[in-house]
Amino acid sequence: MSVQANIFGRALPQIVEAIYDSIADVGRWPSTLESICKLALGRLAMLAVVDTARNSARFSTSCGDPVLLEPLQRDYACEVPFFKAVPKMEVDIPLTVDSVYALQGPDARQNWLESRIVREWVEPNRLDDFFWVALMKQPARTGTLMVVTDKDRPQISASDIDLMSTLAPHVRRAVTIGDLFEAERRKADVFRSILESLDHPVLIVADDMQIIFANPAAEALLTETASVSSVRGQLSFAYANANTAIGRAVQLGTRDEFALGPSGINIPLVKAMSPAVAHVMPLARRDISARMSPRAAAAIFIAAAGAASVPALEAIAALFGLTAAEKRVAGHVAAGLTRREIAAASGVSDGTVKSQLATIFDKTATGDQRELELLMRELTPPLRSA
């Protein structure tokens, strides 16, 4: 009975699909390897990429009975003599034990049979043969896939080798692309560990405000307060102006970081004397080390309420992304100055103030100075110092 007899329906295409799914999600590799091992009628399988310059594994995964795997990895891995054959192996061509003997020379078979690993691990577990494929042969990298079979399996046939040869390029492509991700994954892991260790809540969101990641402090915030919540996985802030401002900053940072300007800094999350505030960090143009997900658009850092109050003018500027010049004009409006008086106080023309006011009205959704002044008054009582 050959491996070919085990193929039915979409078995092989499904395995290939799983191989490619494992590129981005390395957690899928064990189950993918298990499918390959089952396909090959094997007992266990191992996939690894080794940094030959440092003699260390860049990536490794396996499947099979831990009773078999653990002693191999702990006690015998360094004693496997076959690794010396890798430079002579052809990429994508599966080898069996006998074909590796042929590559290594006349003494290879005897040396293997007399080795400690055969005496103490191979023979007691009734292991017999393997499919071994070179996937990567670079000056500083080697990658291999090995599926180990036992004595109960029929002898590996030519059709078995052909089938594994068909599968090998897919595994090679996945391992090669995955190796390009490894350094970035490590950076992402560092970035994640930093965020997780922060006392301040941090949330990573997509451009539609779907939550991709929340550190422990943010998880606690989502469950302990009504001011910040998750609605069907989407981040939401109870204070409508803050919700709009943060969403706008995330969108703007995704489209044009330069245009983000002052938006998304010190956004008060509630109308209170000393509110918690949010800062939006754009991520859409960052590399994966600062994103943790291709969908990540922004990181939202939340600073707890402090002792100092947030003046209404600062709150307005943060909520609506006012520039420094626009903030000054808004301050004059709050003080009751006319447009001509604002121009005189600012040392600019009436036309300039008219243009600045039009921009402020647009950002704050107010229609004139009176509505803007009312908005300032709405924020002033709870935000000013007693």
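The values are calculated or read from the model by the stated rules, or taken from the named source; none is laboratory data. Remember, predicted model here, so these are calculated numbers, not experimental data. Glycine gets a Cβ as well: all are built from the backbone with ideal geometry, and neighbour counts include every protein chain shown.
Matching residues to (1) closer than 21 Å to PRO13 by Cα; (2) of a type in the set (Phe, Trp, Tyr):
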{"residue": "ASP107", "(1), (2)": "no, no"}
{"residue": "VAL118", "(1), (2)": "no, no"}
{"residue": "PHE131", "(1), (2)": "yes, yes"}
{"residue": "ALA134", "(1), (2)": "no, no"}
{"residue": "MET146", "(1), (2)": "yes, no"}
{"residue": "PRO154", "(1), (2)": "no, no"}
{"residue": "MET164", "(1), (2)": "yes, no"}
{"residue": "THR176", "(1), (2)": "yes, no"}
{"residue": "HIS200", "(1), (2)": "no, no"}
Q) Looking at segment 43-65, is at least one residue of a type in the set (A, V, I, L, M) and surrounded by fewer than 16 Cβ atoms within 10 Å (Cβ to Cβ)? A) yes
Q. Does segment 176-195 include one or more residues that are within 13 Å of MET292 (Cα to Cα) and modelled with pLDDT of 80 or more?
A. no
Q.
Restricting to segment 220-251, give me the number of residues that are of a type in the set (A, V, I, L, M, F, W, C) and loosely packed, with under 14 Cβ neighbours inside 10 Å.
A. 5
Q.
I'm trying to understand the selection: among the residues of segment 82-99, which are outside any strand (DSSP E or B), touching a Phe, Trp or Tyr at 6+ places or on another chain (Cβ under 9 Å) and either under 14 Å from LEU72 (Cβ atoms) or at pLDDT 90 or above (or both)?
A. PHE82, PRO94, THR96, VAL97, SER99
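Of the residues VAL147, VAL118, only one is outside any loop (DSSP other than H, G, I, E, B), over 22 Å from ALA24 (Cβ atoms), without any contact (Cβ under 8 Å) to a residue 40 or more places away in the chain and among the aliphatic types (A, V, I, L, M); which?
Values: VAL147 fails: without any contact (Cβ under 8 Å) to a residue 40 or more places away in the chain.
Answer to the selection: VAL118.
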(Q) For segment 165-179, which positions are over 15 Å from TRP29 (Cβ atoms) and either surrounded by 18 or more Cβ atoms within 10 Å (Cβ to Cβ) or of a type in the set (Lys, Arg) (or both)? (A) ALA168
(Q) Looking at PRO87, PRO94, can you tell me which residue is in the same structural domain as LEU12 (by TED's automatic domain parsing) and surrounded by fewer than 19 Cβ atoms within 10 Å (Cβ to Cβ)? (A) PRO87
(Q) As an exercise: evaluate CYS37 against (1) surrounded by 18 or more Cβ atoms within 10 Å (Cβ to Cβ); (2) closer than 30 Å to ARG295 by Cα and give the number of the one condition it does not meet. (A) (2)
